[in-house]
Amino acid sequence: MTTAQLSPEVSIDGFGEATVSSYKESRRIANRAYDRAKANENESDKKLIAQMVSDCDYAIEWLSTGRRPGNKRGVERLAAYQREKLVDPLKMQAYVQQGHAGSSANLSDWQLFQIEDALSRLSPRERECYVMKHGDCHSFADIAMALNISKSAVQSYVKNAQHKISEDLQQSLFLGGYE
């Protein structure tokens, strides 16, 4: 058991597990110590104890909400395009680099057909941006430079392509078993 001495009249004996109630008790004790340091006009103690209070508040919020304080949304609320894996990246890369005979990344005729079907609904520019992003693994900036368009336009084309492919995955008979 650990004991910390804040002042002659206040000591903290181990609170046990890290729970909201133990952190609230620690914050209460730290607030009292802060008031004493403020009355004694001890600036270095005030600063240190204020940090302790702040740390307690941070831990209390994290334990109460179950997510890191300051985050606007948790991982469970990611946008749909961040949650979904529309196309296996290795298969998309194998699709782009079909000339490597004997490679374990070669695709069957059925897999090639599925990818072609998924890409068939895209506009030429969407397809070009999507294949460069997911097949050739280029960054948005590299694609923008190569196609002489803005980076935000590339992002829009890729996002639209992902949306169309996602819709097709739910409706197509051929893409239903895509994996």
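For this structure, a couple of remarks:
- Single condition Ser120 does not satisfy, out of (1) among the small types (Gly, Ala, Ser); (2) closer than 18 Å to Gln162 by Cβ; (3) open to solvent by 70 Å² or more (accessible area, probe 1.4 Å); (4) at pLDDT below 75: (4)
- For first residues located in the stretch 48-73 and in contact (Cβ under 8 Å) with a residue 40 or more places away in the chain, partners that are among the β-branched types (Val, Ile, Thr) and assigned to a helix (DSSP H, G or I) and lie 6+ apart or on another chain with Cβ distances below 7 Å form the pairs Ile60/Val20; Leu63/Val20; Ser64/Val20.
- Residue match in the stretch 30-46 (condition: in a helix (DSSP H, G or I), modelled with pLDDT under 90, over 21 Å from Arg68 (Cβ atoms) and polar (S, T, N, Q)): yes
- Matching residues, the stretch 127-171, being open to solvent by 70 Å² or more (accessible area, probe 1.4 Å), part of a loop (DSSP other than H, G, I, E, B) and at pLDDT 90 or above: Asn148
- Boolean, Glu76 is modelled with pLDDT of 70 or more, part of a helix (DSSP H, G or I) and not aromatic (Phe, Trp, Tyr): no
The values are calculated or read from the model by the stated rules, or taken from the named source; none is laboratory data. These figures come from a predicted structure and were not determined experimentally. Neighbour counts run over all protein chains shown; Cβ positions are idealised from the backbone, glycine included. Note: accessible area is taken over every heavy atom of the protein model, side chains too, but ligands, DNA and RNA are not part of it. Shrake-Rupley method; radii C 1.70, N 1.55, O 1.52, S 1.80 Å.
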